Amino acid sequence: MEIKPLKSFVKSVVPAPDKSITHRAIMFNSIAAGKAKISNALLGNDCISTIDCMRRLGAHIETDGDTVTVEGKEKLDSASLDVGNSGTTFRLLCGLLAGREGDFTLDGDSSIRSRPMKRVIEPLSAMGAELVGSEGGRAPVSIHGRKLHGISYKMPVASAQVKSAILLAGLSAEGITCVHEKIRSRNHTELMLKAMGAKIWIENYTVSVMKSKLNAVNVEVPGDISSAAYAMVLAAAKEGGVVTLKNVGINPTRAGIITVMKECGADITFSSVKNNAEKSADITVKYAQGLKPFSIGREIMPFLIDEIPALAVLACFIDGTSVISGAEELKVKETNRIDTTVGALKQMGADIEATDDGMIIRGGKGLKGGAVIDPKGDHRIAMALSVAAALSRDGAEILNPECAFVSYPGFYDLISE
Ligand code: S3P
């Protein structure tokens, strides 16, 4: 796909619905008593994989436009499941299935088969689960449902997927299951399980859960801040840019990009704030001159991990040196996002270098473009580099652009004039 340089960027945008919340709403309601309506659900490829898996496990799921109706089932059917490209589906299902009667296998595409699954296999095995992965603890993983017992687990990495897998296993385990985080990760699982009647409580950096049955809950999914990030960067970097993003989730465990962009001096305002369990707002971003470079590290990383490729693009347009550190987790995403982001932005003319745990960007000269970019099947790289191309002098060509539809089916409308 040829991406042309944008002449201007003044828009009102409804970003794609939140991927993390959609996955959870479908999955958790599939094991709950009753019927739930999920409105403004994301029907990107990843969430479609979750729907397919939950249907194979016996849940009754119907879609009508962006509304998904789920009728859950307590006793799931044994099944072979294909999660496609979705790490969230894979890891959360490991936890959800480990303590339920039946035999299950989980597999996915080549990216899924290369990602670390030991991080869920180990704590779940400590709870008494029988999970067998392939060499090195990778997919495919087979699960023989067993009776589980609670554990107290100190998270070695900041990962909401791992935390969620353990909490979901805790729903069918005897005793109390505690997860201690050193650095907080997104808390959508905790909020939704609580709303569904689970015995779950949070004290400081520890989440605890006890054996619980869930009741169906209707969910209105807000827009995904990770998808909104691309328009936010476009407006902040394009002279004269203004964008209003409608109804975006601003849960503080997801809103790190707003904190960072504000610290850079970006003009960001909220309106129509809704204080639901998952807080949301309309976000307006206006171009502002003289943004300052940023330096971000380990503490804030889980709150903006998926937005790093987009923030790296923004840094190319900010005078001075921006530094991203404490971001080793980027190496085990859909691609090694330190390498893919740095490699592709270099091709676009950026002064950027990879470090062991992040990257350094010497910005201010903008981007030349004129490159052919291969996002290697990684949706966030395709989108961040399309934004880079739209902001560049000469534009660029993106190979296999449809990989963006994993999380943002309407993405390319954003950069069409
Ligand atoms: C997610 C958690 C994060 C994030 C991913 C979605 C979730 O992954 O990168 O896109 O929905 O729980 P990790 O748990 O691996 O950090």
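The values are calculated or read from the model by the stated rules, or taken from the named source; none is laboratory data. Computed from a predicted model, the values in this text were never measured in an experiment. Ideal geometry is used to build each Cβ from the backbone, glycine not excepted, and the neighbour counts take in all protein chains shown. These accessible areas exclude ligands, DNA and RNA; they are computed on the full protein's heavy atoms, side chains included. Shrake-Rupley method; radii C 1.70, N 1.55, O 1.52, S 1.80 Å.
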Quiz item: Do we have any residue at all in the range 281-303 that's buried (at least 22 other Cβ atoms within 10 Å of the Cβ), of a type in the set (D, E, K, R), under 27 Å from Glu239 (Cα atoms) and modelled with pLDDT of 95 or more?
Solution: no
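Checking the conditions here, which among Ala277, Ala354 is within 23 Å of the chain's Cα centre (by Cα), assigned to a loop (DSSP other than H, G, I, E, B) and among the hydrophobic types (A, V, I, L, M, F, W, C)?
After applying the criteria, what remains is Ala277.
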Self-check item: Given (1) assigned to a helix (DSSP H, G or I); (2) surrounded by fewer than 24 Cβ atoms within 10 Å (Cβ to Cβ), number of the condition Leu92 does not satisfy
Solution: (2)
Quiz item: Could you count how many residues in the range 379-402 are over 17 Å from Ala228 (Cα atoms) and under 24 Å from the mean Cα position of the chain (by Cα)?
Solution: 6
Quiz item: Of all the residues that make up the range 227-255, how many are part of a helix (DSSP H, G or I) and either of a type outside the set (Ser, Thr, Tyr) or outside the structural domain of Asp378 (by TED's automatic domain parsing) (or both)?
Solution: 9
Quiz item: Which condition does Phe303 not pass, out of (1) in contact (Cβ under 8 Å) with a residue 60 or more places away in the chain; (2) under 21 Å from Ala396 (Cβ atoms), if it passes all the others?
Solution: (2)
Quiz item: Does Arg100 meet the test of being part of a helix (DSSP H, G or I), basic (Lys, Arg) and either assigned by TED's automatic domain parsing to the domain that holds Ser49 or open to solvent by less than 20 Å² (accessible area, probe 1.4 Å) (or both)?
Solution: no
Quiz item: Consider Leu245 against the criteria (1) free of Cβ contacts under 8 Å to residues at least 40 places away in the same chain; (2) within 23 Å of the chain's Cα centre (by Cα): it satisfies all of them except one. Which criterion is unmet?
Solution: (1)
Quiz item: Of all residues in the range 181-198, which are within 16 Å of the ligand (Cβ to nearest atom) and surrounded by fewer than 21 Cβ atoms within 10 Å (Cβ to Cβ)?
Solution: Lys182, Ile183, Arg184, Asn187, Leu191
Self-check item: Among the candidates Ile166, Ile151, Ile112, Ile121, residue that is more than 30 Å from Asn204 (Cα to Cα), modelled with pLDDT of 95 or more and of a type in the set (A, V, I, L, M)
Solution: Ile112
Quiz item: Filter the range 14-51 for residues that are in a helix (DSSP H, G or I) and more than 15 Å from the ligand (Cβ to nearest atom); which is surrounded by the fewest Cβ atoms within 10 Å (Cβ to Cβ)?
Solution: Ile48
Practice problem: Evaluate the range 325-348: report whether one residue or more is among the hydrophobic types (A, V, I, L, M, F, W, C), farther than 18 Å from Ala382 by Cβ, outside the structural domain of Met117 (by TED's automatic domain parsing) and not in a helix (DSSP H, G or I). | Solution: yes
Exercise. Can you work out which of the residues in the range 139-170 that are within 15 Å of the ligand (Cβ to nearest atom) and in a strand (DSSP E or B) is surrounded by the most Cβ atoms within 10 Å (Cβ to Cβ)?
Key: Ala139
Practice problem: For the range 350-376, name all the residues that are surrounded by fewer than 19 Cβ atoms within 10 Å (Cβ to Cβ) and either within 24 Å of Leu6 (Cβ to Cβ) or touching a residue at least 60 places away in the same chain (Cβ under 8 Å) (or both). | Solution: Asp351, Arg362, Gly364, Lys365, Gly366, Lys368, Gly370, Val372, Asp374
Quiz item: If you go through the range 337-344 one residue at a time, do you hit one that is of a type in the set (S, T, N, Q) and open to solvent by 30 Å² or more (accessible area, probe 1.4 Å)?
Solution: no
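Given Ile318, Ile308, which one is part of a loop (DSSP other than H, G, I, E, B) and among the β-branched types (Val, Ile, Thr)?
That would be Ile318, the only listed residue that is part of a loop (DSSP other than H, G, I, E, B) and among the β-branched types (Val, Ile, Thr).
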Practice problem: Assess whether Leu414 counts as being among the aliphatic types (A, V, I, L, M), open to solvent by less than 20 Å² (accessible area, probe 1.4 Å) and farther than 26 Å from Gly326 by Cα. | Solution: yes
Quiz prompt | Those residues of the range 326-360 which are among the hydrophobic types (A, V, I, L, M, F, W, C) and more than 16 Å from the ligand (Cβ to nearest atom), in sequence order | solution = Val342, Ala344, Leu345, Met348, Ala350, Ile352, Ala354, Met359, Ile360
Exercise. Please give the number of the condition Ser86 fails out of (1) within 16 Å of the ligand (Cβ to nearest atom); (2) surrounded by fewer than 23 Cβ atoms within 10 Å (Cβ to Cβ).
Key: (2)
Practice problem: Those residues that are part of a loop (DSSP other than H, G, I, E, B) and over 17 Å from Lys37 (Cβ atoms), I need them from the range 54-72; list them, please. | Solution: Leu57, Gly58
Quiz item: Say we look at the range 326-349 and pick out the residues that are of a type in the set (A, V, I, L, M, F, W, C) and without any contact (Cβ under 8 Å) to a residue 60 or more places away in the chain; which of these is farthest from Asp306 (Cα to Cα)?
Solution: Met348
